[in-house]
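J.: Following this message is one structure expressed as structure tokens.
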Amino acid sequence: MSILNILQHPDDRLHIPAKPVAHVGEVIRQLVADMAETMYSASGIGLAATQVNVSERVIVIDISDARDDLLVLINPEIQLKEGKVLFEEGCLSVPGVYDQVERSERIMVQALNTKDELINIEATGLLSVCIQHEIDHLDGKIFVEYLSRLKQDRIIKKLRKNQRGLDQREAT
Ligand code: GNR
Ligand code: NI
């Protein structure tokens with residue numbers, strides 16, 4: 001297993017729509033293991049392959065407090081959306097930024113698991129929000145794109161400033 005590098009906004013690679021997985025085998029299972037390790041080490045509740053620069057439709061999620069309930073969604077498709085909720089979101093690719101986004105309240109999702117079996121999931125609350133956030137990543141979309149242009153410009157300025165600080169420390 002290995003911890004993968006998580007791309008940070010702004011990065012054009014975060015806007016590339018991911019391709020469906022053609023075959024669920026050992027290569028995908030290895031990617032899932034690395035993504036899970038990366039998500040746990042970054043203390044995230046979800047991670048999309050797009051964020052680790054792999055353009056395939058793979059998501060890992062764990063919303064459990066004990067961090068022992070991994071959900072893997074390969075080629076996820078939302079079959080049904082119902083209701084609306086406002087939820088305060090954050091993203092490992094947009095560190096330190098949290099804001100409200102409107103999402104569907106309840107969703108039904110079909111996907112493959114690591115055994116190449118079709119699974120159907122009904123999700124509400126945090127799980128529903130997290131799945132929608134991760135599928136957006138696979139479609140090349142980041143949660144900040146739902147915010148006003150003014151907020152987005154401020155976020156990019158702040159992240160570029162943080163990145164310059166990090167680069168500076170590396171250089172010395
Ligand atoms: O760790 C994460 N927390 C979170 C909180 C509210 C809504 C969505 C998320 S997902 C995020 C991890 C991440 O960036 N996944 O892409
Ligand atoms: Ni994210």
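J.: Restricting the search to segment 88-110, which residues are touching a residue at least 60 places away in the same chain (Cβ under 8 Å) and within 11 Å of ligand 1 (Cβ to nearest atom)?
T.: Looking only at segment 88-110, we keep the residues that are touching a residue at least 60 places away in the same chain (Cβ under 8 Å), and these are 91-97.
Selection gives Cys91, Leu92, Ser93, Val94, Pro95, Val97.
J.: Same structure again: Can you report the number of residues in segment 103-158 which are touching a Cys at 6+ places or on another chain (Cβ under 9 Å) and not in a helix (DSSP H, G or I)?
T.: Looking only at segment 103-158, we keep the residues that are touching a Cys at 6+ places or on another chain (Cβ under 9 Å), and these are 123, 133, 137, 142-144.
Going one step further and asking which of them are not in a helix (DSSP H, G or I), we end up with 123, 142.
Summing the residues that are touching a Cys at 6+ places or on another chain (Cβ under 9 Å) and not in a helix (DSSP H, G or I) in segment 103-158 gives 2.
J.: Can you find, within segment 96-135, the residue that is farthest from the chain's Cα centre (by Cα) among those that are among the β-branched types (Val, Ile, Thr) and more than 20 Å from Lys19 (Cβ to Cβ)? Walk me through it before giving the result.
T.: Keep residues of segment 96-135 that are among the β-branched types (Val, Ile, Thr), which gives 97, 101, 107, 109, 114, 119, 121, 124, 129, 131, 135.
In the following step, the residues that additionally are more than 20 Å from Lys19 (Cβ to Cβ) were identified as 97, 101, 107, 119, 121, 124, 129.
Values: Val97: 15, Val101: 15, Ile107: 17, Ile119: 19, Ile121: 17, Thr124: 17, Val129: 11 Å.
Here the answer is Ile119.
J.: Can I ask one more? If you go through segment 148-157 one residue at a time, do you hit one that is within 12 Å of ligand 1 (Cβ to nearest atom) and farther than 24 Å from Val52 by Cα? So that I can check it myself, show each step before the final result.
T.: As a first pass, look at segment 148-157 and keep what is within 12 Å of ligand 1 (Cβ to nearest atom): none.
Within segment 148-157 (the criterion being within 12 Å of ligand 1 (Cβ to nearest atom) and farther than 24 Å from Val52 by Cα), the answer is no, since none of the residues qualifies.
J.: Next question. For segment 161-169, does any single residue satisfy the condition of being of a type outside the set (Ser, Thr, Tyr), at negative phi and surrounded by 20 or more Cβ atoms within 10 Å (Cβ to Cβ)?
T.: The answer is no; no qualifying residue exists.
J.: Looking at the structure I just gave you, is Ile45 of a type in the set (Val, Ile, Thr), near ligand 1 (Cβ under 8 Å from one of its atoms), touching a residue at least 12 places away in the same chain (Cβ under 8 Å) and crowded, with 18+ Cβ neighbours inside 10 Å?
T.: Answer is yes for this residue.
J.: Filtering segment 120-160 down to residues that are within 16 Å of ligand 2 (Cβ to nearest atom) and acidic (Asp, Glu), which residue is surrounded by the most Cβ atoms within 10 Å (Cβ to Cβ)?
T.: Step by step, filter segment 120-160, then rank; the result is Glu134.
J.: Next up: Can you pull out every residue in segment 74-95 that is within 14 Å of ligand 2 (Cβ to nearest atom), part of a strand (DSSP E or B) and under 13 Å from the mean Cα position of the chain (by Cα)?
T.: Glu89
Values quoted throughout were computed directly from the atomic coordinates according to the rules given, and no laboratory measurement underlies them. Everything numeric in this text was worked out from a predicted model, so none of it was measured. Every residue, glycine among them, receives a Cβ derived from its backbone with ideal geometry; neighbour counts consider all protein chains shown.
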